[in-house]
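**Student:** Shown below is the structure under consideration.
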Amino acid sequence: MEICYRAALILAFAFALLDVGCAQDALVPAIITFGDSAVDVGNNDYLPTIFKANYPPYGRDFVDHKPTGRFCNGKLATDITAETLGFKSYAPAYLSPDASGKNLLIGSNFASAASGYDEKAAALNHAIPLSQQLEYFKEYQGKLAKVAGRKSASIIKGALYILSAGSSDFLQNYYVNPYLNKIYTADQYGSYLVGSFTSFVKTLYGLGGRKLGVTSLPPLGCLPAARTIFGYHENGCVSRINTDAQQFNKKINSAATSLQKQLPGLKIVIFDIFQPLYDLVKSPSQNGTRSTFF
């Protein structure tokens, strides 16, 4: 929960940069989310994939103490962010029965665990590729128009868009796929992913999205899977994987700066979640915890 909380603080800080303030109960009319397991609120429950979070201990600290499809024991950073921005409920997973009627007015969540910038990897994982998430967003706009009428355009324009992707691309694809890591360097693969990111942003912009927050990669080398598979039973994080993550973060920051110059009216912020989480892992006691969370 500490990690979720810290990530939410990063998001809230970025929202100030996005200038989302307005005279409403909630600071934005809606929150629309794309990406992977870090922000999936249950879409994978409705897919034929092994990447699901519909069983305990997932959800044990959530409102009703039951699994919700979130890959977390409680609230995700996006849930806490929604509360911080004044929402009384959370935007539903688009594939769930809850994504209908007035529930659509506060946004929707299209994220899918094991998805990412690499479309082929997402398809192999039977997750929802980002391209399909955008197609669902188009469907959502049609449904929203039926519910909100003329107000739908202002909801789409004023909404806050969140994108979280990249972790699965590296940990569940690049590092374990010899057809990739023997041919391409991590830097080259990162450039490929950034190309996908750029395409995604341009398409979203064309569909009306103007305020976009994007998470950087976390310290991937500190994740349990990375330490188990690539750490060779040594203590601490896998430095080379963290270095790859930092290099990717530099690339995506540069791409975001370029996109903001190219696309009039676009406000895009990259949330640096690498350093706060790395500090938490390296010095847990100084950050109010007894042990690391990775």
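The values are calculated or read from the model by the stated rules, or taken from the named source; none is laboratory data. Keep in mind it's a predicted model, so treat the numbers as computed, not measured. With ideal geometry, Cβ positions are generated from the backbone for all residues, glycine too; neighbour counts draw on all protein chains shown. Only protein heavy atoms, including side chains, enter the accessible area calculation; ligands, DNA and RNA are left aside. Shrake-Rupley method; radii C 1.70, N 1.55, O 1.52, S 1.80 Å.
**Student:** What number of residues within the stretch 257-279 satisfy the criterion of being of a type in the set (Phe, Trp, Tyr) and within 17 Å of SER164 (Cβ to Cβ)? Even if it seems obvious, please write down each step before you answer.
**Tutor:** Initially, the stretch 257-279 is screened for residues of a type in the set (Phe, Trp, Tyr), giving 271, 274, 278.
Right, trim to within 17 Å of SER164 (Cβ to Cβ) and you get 271, 274.
So the count comes out to 2.
**Student:** While we're on this one: Taking LEU193 as the residue in question, decide whether it is part of a helix (DSSP H, G or I), more than 17 Å from LEU134 (Cβ to Cβ) and of a type in the set (A, V, I, L, M, F, W, C).
**Tutor:** So LEU193 does not fit the description; no.
**Student:** Checking THR228 against (1) modelled with pLDDT of 95 or more; (2) farther than 16 Å from GLY166 by Cα, only one condition comes out false. Which one?
**Tutor:** Here THR228 meets the rest and fails (1).
**Student:** Can you tell me which residue within the stretch 202-222, out of those that are hydrophobic (A, V, I, L, M, F, W, C) and closer than 20 Å to GLN247 by Cα, is nearest to the chain's Cα centre (by Cα)?
**Tutor:** Restricting to residues being hydrophobic (A, V, I, L, M, F, W, C) and closer than 20 Å to GLN247 by Cα, the top hit is VAL214.
**Student:** I'd like to know if the stretch 159-169 contains one or more residues that are within 24 Å of PRO56 (Cβ to Cβ) and part of a helix (DSSP H, G or I).
**Tutor:** Yes.
**Student:** Can you say whether ALA99 is assigned to a loop (DSSP other than H, G, I, E, B) and open to solvent by less than 20 Å² (accessible area, probe 1.4 Å), as far as the supplied structure shows?
**Tutor:** On the way: assigned to a loop (DSSP other than H, G, I, E, B): yes; open to solvent by less than 20 Å² (accessible area, probe 1.4 Å): yes.
Yes.
**Student:** If you don't mind, there's one more thing I want to ask. Kindly indicate the residue of the stretch 23-46 that is in a loop (DSSP other than H, G, I, E, B) and open to solvent by 30 Å² or more (accessible area, probe 1.4 Å) and also nearest to PHE274 (Cα to Cα) among those meeting that condition. It would help to see each step written out before you state the result.
**Tutor:** Taking the stretch 23-46 and keeping what is in a loop (DSSP other than H, G, I, E, B), we get 23-30, 36-40, 42.
Filter once more, keeping what is open to solvent by 30 Å² or more (accessible area, probe 1.4 Å): 23-25, 27, 29, 37-38.
Details: ALA23: 33, GLN24: 32, ASP25: 32, LEU27: 26, PRO29: 29, SER37: 17, ALA38: 14 Å.
Only one residue fits best here, namely ALA38.
**Student:** Return yes or no: is ASP187 surrounded by 16 or more Cβ atoms within 10 Å (Cβ to Cβ) and among the acidic types (Asp, Glu)?
**Tutor:** Numbers: surrounded by 16 or more Cβ atoms within 10 Å (Cβ to Cβ): no; among the acidic types (Asp, Glu): yes.
Against the criterion (surrounded by 16 or more Cβ atoms within 10 Å (Cβ to Cβ) and among the acidic types (Asp, Glu)), ASP187 does not qualify.
**Student:** Could you pull out the residue among TYR192, TYR205 that is within 23 Å of THR78 (Cα to Cα) and among the hydroxyl-bearing types (Ser, Thr, Tyr)?
**Tutor:** Working: TYR192 fails: within 23 Å of THR78 (Cα to Cα).
The match here is TYR205.
**Student:** Residue pairs, Cβ under 6 Å, 6 or more apart or interchain, first in the stretch 151-164 and closer than 28 Å to LEU217 by Cβ, second open to solvent by less than 10 Å² (accessible area, probe 1.4 Å) and among the polar types (S, T, N, Q). List them.
**Tutor:** Hits for this filter: ILE162/THR33.
**Student:** In addition: Just checking, which of LEU259, LEU266, LEU280 is farther than 25 Å from ASN173 by Cβ and modelled with pLDDT of 95 or more? If you could, list the steps in order and put the result at the bottom.
**Tutor:** Numbers: LEU259 fails: farther than 25 Å from ASN173 by Cβ; LEU280 fails: modelled with pLDDT of 95 or more.
None of the others qualify; the one that does is LEU266.
**Student:** Given the options TYR140, TYR179, name the one that is farther than 21 Å from LEU217 by Cα, assigned to a helix (DSSP H, G or I), touching a Ser or Thr at 6+ places or on another chain (Cβ under 8 Å) and not polar (S, T, N, Q). Give the steps one after another, and end with the answer.
**Tutor:** Details: TYR179 fails: touching a Ser or Thr at 6+ places or on another chain (Cβ under 8 Å).
When all the criteria are applied, what remains is TYR140.
**Student:** Consider only pairs whose beta carbons are under 6 Å apart and that are at least six residues apart or on different chains; among these, list those whose first residue lies in the stretch 90-104 and is in contact (Cβ under 8 Å) with a residue 24 or more places away in the chain and whose second residue is of a type in the set (Phe, Trp, Tyr).
**Tutor:** That search, which allows pairs on different chains as well, returns TYR94/PHE110; TYR94/TYR136; LEU95/TYR46.
**Student:** Being touching a strand residue (DSSP E or B) at 6+ places or on another chain (Cβ under 9 Å) and either assigned to a helix (DSSP H, G or I) or surrounded by 20 or more Cβ atoms within 10 Å (Cβ to Cβ) (or both) is the filter here, so list the residues in the stretch 60-86 that pass it.
**Tutor:** Residues of the stretch 60-86 touching a strand residue (DSSP E or B) at 6+ places or on another chain (Cβ under 9 Å): 62, 68-70, 76-79, 81-82, 85.
Answer for the stretch 60-86, where residues must be touching a strand residue (DSSP E or B) at 6+ places or on another chain (Cβ under 9 Å) and either assigned to a helix (DSSP H, G or I) or surrounded by 20 or more Cβ atoms within 10 Å (Cβ to Cβ) (or both): THR68, GLY69, ARG70, LEU76, ALA77, THR78, ASP79, THR81, ALA82.
**Student:** Given the criteria in contact with a Ser or Thr (Cβ under 9 Å, 6 or more places away or on another chain), open to solvent by less than 30 Å² (accessible area, probe 1.4 Å) and among the polar types (S, T, N, Q), does SER108 qualify?
**Tutor:** Working: in contact with a Ser or Thr (Cβ under 9 Å, 6 or more places away or on another chain): yes; open to solvent by less than 30 Å² (accessible area, probe 1.4 Å): yes; among the polar types (S, T, N, Q): yes.
Yes; evaluated as a whole, the condition is true for this residue.
**Student:** Looking only at the stretch 246-271, how many residues end up being within 16 Å of GLY209 (Cβ to Cβ) and outside any helix (DSSP H, G or I)?
**Tutor:** 8
**Student:** Out of all the residues in the stretch 43-70, which are in contact with a Ser or Thr (Cβ under 9 Å, 6 or more places away or on another chain) and polar (S, T, N, Q)?
**Tutor:** Once the filter is applied, which keeps residues that are in contact with a Ser or Thr (Cβ under 9 Å, 6 or more places away or on another chain) and polar (S, T, N, Q), the stretch 43-70 yields ASN43, ASN44, THR49, ASN54.
**Student:** Looking only at the stretch 148-179, which residues are over 17 Å from the mean Cα position of the chain (by Cα) and open to solvent by 30 Å² or more (accessible area, probe 1.4 Å)?
**Tutor:** GLY149, ARG150, LYS151, ALA153, SER154, LYS157, VAL176, ASN177, PRO178, TYR179
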